[in-house]
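One structure is given below, encoded as structure tokens.
Bear in mind these aren't lab numbers, they're just calculated from the coordinates by the rules spelled out. It should be emphasised that the depicted structure is a prediction, and the values quoted were computed from it without experimental measurement. A quick note on method: Cβ atoms are made from the backbone with ideal geometry, for glycine too, and the neighbour counts reach across all protein chains shown.
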Amino acid sequence: MNRSSNANFWLVNFFILSVGVRSQLTPDFYKTTCPDLYRIVRREVQKALKYEMRMGASLLRLHFHDCFVNGCDGSILLDGDQDSEKFATPNLNSARGFEVIDTIKSSVERACSGAVSCADILAIAARDSVLLSGGPFWYVQLGRRDGLISNGTLANLAIPSPFDTLDTIISKFNDVGLDLKDVVTLSGAHTTGRARCTFFSNRLFNSSGTEAPDSTIETTMLTEYCKICAYKTVMRTQPVC
Ligand code: HEM
Ligand SMILES: *[C@@H]1O[C@H](CO)[C@@H](O)[C@H](O)[C@H]1NC(C)=O
Ligand SMILES: *[C@@H]1O[C@H](CO)[C@@H](O)[C@H](O)[C@H]1NC(C)=O
């Protein structure tokens, strides 16, 4: 950050504090230090989705997995040792989109060096991903600081598992300040993207040990998913497909 943008930063901060705005974050945070930020991120996300539509889902999930571990501080992006978030169970061979964030960051750096945090870039990329995937728009609050610690142990504890009970999932959301309505709303993210059969095939073939499908699954979808997952699962006990 050069001297003049540094001065701008403190001016902006002083202004926010002096008018008594409660949140430190604002969508205008980079208005003077990186005026083209939104345009740059949108363009890069658009490019990535054109190459692979699923990337929208992957970038949204990356933001979610970042936010559940010590807040939305970009720490999921850090390379580290075996206890870094990248190596944690919910992320290993699963979290994707890191190269896309790297590309966006490079693009942003070329336009405004040292001004924008990776955490904010990830937050905007997730918003644009949803929008360009046909989902809703929201204003992104900006001004996050990048974290320096990536905690894989905490990622394993804090990120909801597909084998958690609903109560545990609700409680993990509560731990980061989200309520039941947020659980329902944000779970709608699963209308995009992909999941491996291994995470739900028990519900197709052996729900709660009954060796039958989960009766609450819609039948057309059940048939479809059975076909897709049958050859990938050892729990093929029912002729449901
Ligand atoms: C409610 C608790 C949640 C559980 C148990 C859960 C679990 C999972 C699992 C197991 C996968 C598949 C991973 C794989 O096969 O490698 C997945 C994918 C995904 N999740 Fe969640 N998730 C939850 C909440 C969320 C939330 C809050 C969001 C975002 C707002 C989200 C967004 C996604 C997306 C977009 C994908 C597809 C990613 C891709 O295709 O790359 N999930 N989730
Ligand atoms: C990582 O998180 C765990 C679980 O909350 C905690 O015990 C540990 O001290 C954290 N490690 C670091 C380096 O912050
Ligand atoms: C079905 O699930 C139960 C309980 O989880 C398990 O004991 C049983 O072996 C499973 N059956 C098959 C065929 O995998």
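Numbers for the structure displayed
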| item | result |
| --- | --- |
| In the range 119-152, the residues that are polar (S, T, N, Q) and either away from ligand 1 (no atom under 14 Å from the Cβ) or surrounded by fewer than 17 Cβ atoms within 10 Å (Cβ to Cβ) (or both) | 141, 150, 151 |
| Test: residue in the range 153-162 that is away from ligand 2 (no atom under 16 Å from the Cβ), over 15 Å from the mean Cα position of the chain (by Cα) and surrounded by fewer than 18 Cβ atoms within 10 Å (Cβ to Cβ) | yes |
| Residue check for residue 98: touching a residue at least 40 places away in the same chain (Cβ under 8 Å), at negative phi and of a type in the set (Phe, Trp, Tyr) | no |
| Top-ranked residue in the range 101-118 [being surrounded by 20 or more Cβ atoms within 10 Å (Cβ to Cβ) and in contact with an Asp or Glu (Cβ under 7 Å, 6 or more places away or on another chain); ranked as nearest to residue 194 (Cα to Cα)] | 104 |
| Residue pairs meeting the criteria (Cβ under 7 Å; at least 6 apart or on separate chains; first within 18 Å of residue 126 (Cα to Cα), in the range 139-166; second within 16 Å of ligand 1 (Cβ to nearest atom) and among the charged types (D, E, K, R)) | 140/127 |
